[in-house]
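Trainee: Take this structure first; my questions come after.
The values are calculated or read from the model by the stated rules, or taken from the named source; none is laboratory data. Please read all numbers here as calculations on a predicted model, not as lab measurements. No Cβ is skipped: glycine too gets one built from the backbone with ideal geometry, and neighbour counts run over all protein chains shown. Keep in mind that these areas ignore ligands, DNA and RNA; they rest on the heavy atoms of the full protein, side chains included. Shrake-Rupley method; radii C 1.70, N 1.55, O 1.52, S 1.80 Å.
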Amino acid sequence: MARAGAGWEGIAPMETKIESLGVARFRSPLHHIGSSSVPFRTDAERVLMDDTCPEPYGIHDAPAKISFEVAGPRKHIFFDPAHTTAGIVTCGGLCPGLNDVIRSLVMELHHRYGVTRIHGFRFGYEGLVPRYGHTPMSLKPDSMDAIHAFGGSILGTSRGPQDIAEMISFLEELEVNILFVVGGDGSLRGAAEINAEIRKRGQLKSVIGIPKTIDNDIMYLDKSFGFETAFAEAVKAVTCAHVEALGSRHGLGLVKLMGRDSGFIACFAALAGSVVNFVLIPEVRFELDGPRGLLEALYYRISRRKHAVIVVAEGAGQHLMEGTSYAMDASGNRRLGDIGIFLKEKIGAFFKERRMECNLKYIDPSYIIRSVPASPQDNVYCSRLARNAVHAAMAGKTGMLVGRWHGTFIHLPLEVVTKGRRKVDPAGELWHSVLENTGQPAELY
């Protein structure tokens, strides 16, 4: 998995170095946790970016020299807990696990490090701009007891950039030393800009990102939180589409799933459901018309098997829609045409022209999927991400995010992960598994 689309090209070893605010002078409070041995880490512990071995032992493999700093508690910390104030902001769209992350951040800060002043900034980056009038929430362990049982974010969220100077001035007014930014690609770019301006001003504040994207498209991560919950919920929609297809003569179930630029949810939902016949993702171009296009393949499938199920990622097939808007949304992403409705209309017209009955049922569960509580596995992952984010912040690290790579939690510079997006490799094992599972042609054009 590491080599396929890993993207080490163009990244120098020094680019993986994590910024530090200075010498960690305080003994970590974690030394006093019961009688257990705390697994303290050092900055010298690294995880290779590429874990493959193209040559014997990989001795001469240049990418093997590129590595990431291992996450975890340090024996000494930079911030004095008694004089530290933390802030938490959740940005972008909703995602399963947001409340889990918030809860774990607060619990770790308060109970393990003794940081008792924690502000929750409401409605994304708007909460860092006073003129919007979003008064920060005071986050205490007592108010965290049950929030992980609910979807969404108790802090709310919003999209779009805000004035960097205003945000930093507000952080200074509240004497915030540490800012945790929970968000996706656009939010993390904003965090990098905040960190750069803070350093330019010579302020000793830590900015730590926690990667949040249902699409699972952040670079150099095994997975982002919420992804497993999302595709598990997506499987339910796929199963419903299959039941609907079986229940009608020439039935067709069409499911649109999230995935602007990356088709991971569509692929995993199809593999887990094992009832999908066509998977359409942004990374693999397809055409509707022609003897090898989607419509003819679909016609052949329904003629032969009497039903079919299609899963399409929201970013797939954008080139097919004439007049698709290229305007940008508040997050700086190109507005997409609705490929689900487009396919529904085109498929209906095609079968009508062929004079074949087609009972098409269209399902778009996007807002249901992203609003549900995290699954137990995602809950655990969120908790571990959050704790490692606190360890990094208290150690004085900044301009970075916490993630997991090759099964180990690591520190990643924000500038590195925001250079691109992780995508399904059309030549990789995942897409090959999808083709084997569905039986669809490798090329639909």
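Trainee: Label points 7 Å out from Cα along the Cβ direction at Val380 and Gln318: separation in nm?
Mentor: Rounded to a tenth, the inter-label distance reads 3.7 nm.
Trainee: State which helices in the chain qualify, where a helix is a whole DSSP H run, it must extend 18 Å or more along its own axis by its Cα atoms, and its mean Kyte-Doolittle hydropathy must be at least 0.0.
Mentor: 227-246, 339-353
Trainee: Still on this model: Could you order Arg199, Arg159 so the one with the most accessible surface comes first? Probe is 1.4 Å.
Mentor: Sorted by accessible area, descending: Arg159, Arg199.
Trainee: Got a sec? What order do Asp80, Asp222, Asp163, Asp51 fall in by accessible area at 1.4 Å, biggest, i.e. largest, first?
Mentor: Asp51, Asp163, Asp80, Asp222
Trainee: So how far, in whole Å, is the C-alpha centre of the range 235-273 from the one of the range 161-209?
Mentor: 40 Å
Trainee: Could I ask something else about it? Keeping every protein chain in place, order His119, His319 by accessible area at 1.4 Å, biggest value first, i.e. largest first.
Mentor: From most accessible down to least: His319, His119.
Trainee: Given the C-alpha centroids of the range 401-430 and the range 304-322, what is the distance between them in whole angstrom?
Mentor: 27 Å
Trainee: Could you size up the charge dipole of the range 137-217 around its Cα centre, putting +1 on the beta carbon of Lys and Arg and -1 on that of Asp and Glu, and report it in debye to the nearest 20?
Mentor: Dipole size: approximately 180 debye.
Trainee: Another one. Between Ala442 and Ala149, what FRET efficiency follows from the Cβ-Cβ distance if R0 is 35 Å, with the result rounded to 0.05?
Mentor: Once the sixth-power term is evaluated, E becomes 0.20.
Trainee: Another question, if that's okay. For the chain, what D do you get in µm² per second when you plug the Kirkwood radius from alpha-carbon pairs into Stokes-Einstein at 10 °C and 1.306 mPa s?
Mentor: The Stokes-Einstein estimate is 68 µm²/s.
Trainee: Apply the Debye scattering formula to the range 158-243, with a single equal point scatterer on each alpha-carbon and no solvent, then give log10 I(q)/I(0) at q = 0.13, 0.24, 0.25 Å⁻¹.
Mentor: Here log10 of I(q) over I(0) equals -0.54, -1.14, -1.19.
Trainee: Quick check on packing: order 17-25, 84-92, 365-373 by the mean number of other C-beta atoms within 10 Å, highest mean leading.
Mentor: Output ranking for 17-25, 84-92, 365-373: 84-92, 365-373, 17-25.
Trainee: Hey, rough spin-label estimate for Met14 and Lys75, points 7 angstrom out along Cα→Cβ, what's it come to in nanometres?
Mentor: Reported label-point gap for Met14 and Lys75 is 2.9 nm.
Trainee: Let me check I've understood the local charge: for Ala24, count other residues with C-beta under 13 angstrom from its C-beta, Lys and Arg +1, Asp and Glu -1. What total comes out?
Mentor: +4
Trainee: Please list, in order along the range 79-87, the HN-Hα scalar couplings obtained from phi with the Karplus expression 6.51 cos²θ - 1.76 cosθ + 1.60 (θ = phi - 60°), rounded to whole Hz, x for Gly and Pro.
Mentor: Karplus values, whole Hz, x for Gly and Pro: 8, 7, x, 5, 10, 10, 10, 10, x.
Trainee: Taking 7 Å along the Cα-to-C-beta vector as the label spot, tell me the Arg292-Phe40 distance in nanometres, rounded to one decimal.
Mentor: Each label point lies 7 Å from its Cα, and together they span 6.2 nm.
Trainee: With all protein chains present, calculate the accessible area of Ser187 using a 1.4 Å probe and round the result to the nearest 10 Å².
Mentor: We get 10 Å² for Ser187.
Trainee: Out of residues 5 or more away from Ile410 or on other chains, whose amide H comes under 5 Å of its own, with H placed 1.01 Å from N in the peptide plane?
Mentor: Ala71, Gly403, Arg404, Trp405
Trainee: Next up: When the chain is fully extended, how far beyond the present Cα-Cα distance does Arg199 get from Arg27, taking 0.36 nm per residue of separation?
Mentor: Taking 0.36 nm per residue and subtracting the Cα distance, the gain is 59.4 nm.
Trainee: Averaged per residue, what accessible area in Å² does the chain show with a 1.4 Å probe, protein chains only?
Mentor: Accessible area per residue: 43 Å².
Trainee: Here is a follow-up. Residue separation times 0.36 nm, minus the C-alpha to C-alpha distance between Thr116 and Tyr367: what's the value?
Mentor: Gain in length upon complete extension: 86.9 nm.
Trainee: Find, to one decimal place in angstroms, the Kirkwood hydrodynamic radius of the range 367-438, where the mean of 1/r is taken over every pair of different Cα atoms and then inverted.
Mentor: One decimal place: 15.2 Å for the Kirkwood radius.
Trainee: Give me the net charge of Phe123's neighbourhood, meaning all other residues with Cβ under 14 Å from the Cβ of Phe123; Lys, Arg count +1, Asp, Glu -1.
Mentor: Counting the neighbours of Phe123, the net charge comes to +2.
Trainee: Starting from the amide H of Thr85, placed 1.01 Å from N in the peptide plane, find each other amide H under 5 Å away whose residue is 5 or more places distant or on another chain.
Mentor: Amide H neighbours of Thr85, under 5 Å, 5+ apart: Asn177, Ile178.
Trainee: Related question: For the chain, modelled as a Gaussian network with Cα springs under 10 Å, which listed residue fluctuates most, Ser248, Ser67, Ser206?
Mentor: Result for the chain, Cα springs under 10 Å: Ser248 fluctuates most.
Trainee: Taking all protein chains in place and a 1.4 Å probe, what share, in percent, of the accessible surface of the chain do carbon and sulfur account for?
Mentor: 52 percent
Trainee: A further question follows. Please report Rg over Rh for the range 243-399, where both radii come from the alpha carbon positions and Rh follows the Kirkwood definition.
Mentor: 1.09
Trainee: Would you please state which residues of the range 429-445 a label at Met356 would reach in this model, taking the label point 7 Å out along Cα→Cβ and a backbone N cut-off of under 20 Å?
Mentor: The answer is 438-445, whose backbone nitrogens lie closer than 20 Å to the label point.
Trainee: Summing Lys, Arg as +1 and Asp, Glu as -1, what charge do residues with Cβ under 12 Å from the Cβ of Phe342 carry, Phe342 excluded?
Mentor: With Lys, Arg at +1 and Asp, Glu at -1, the net is -1.
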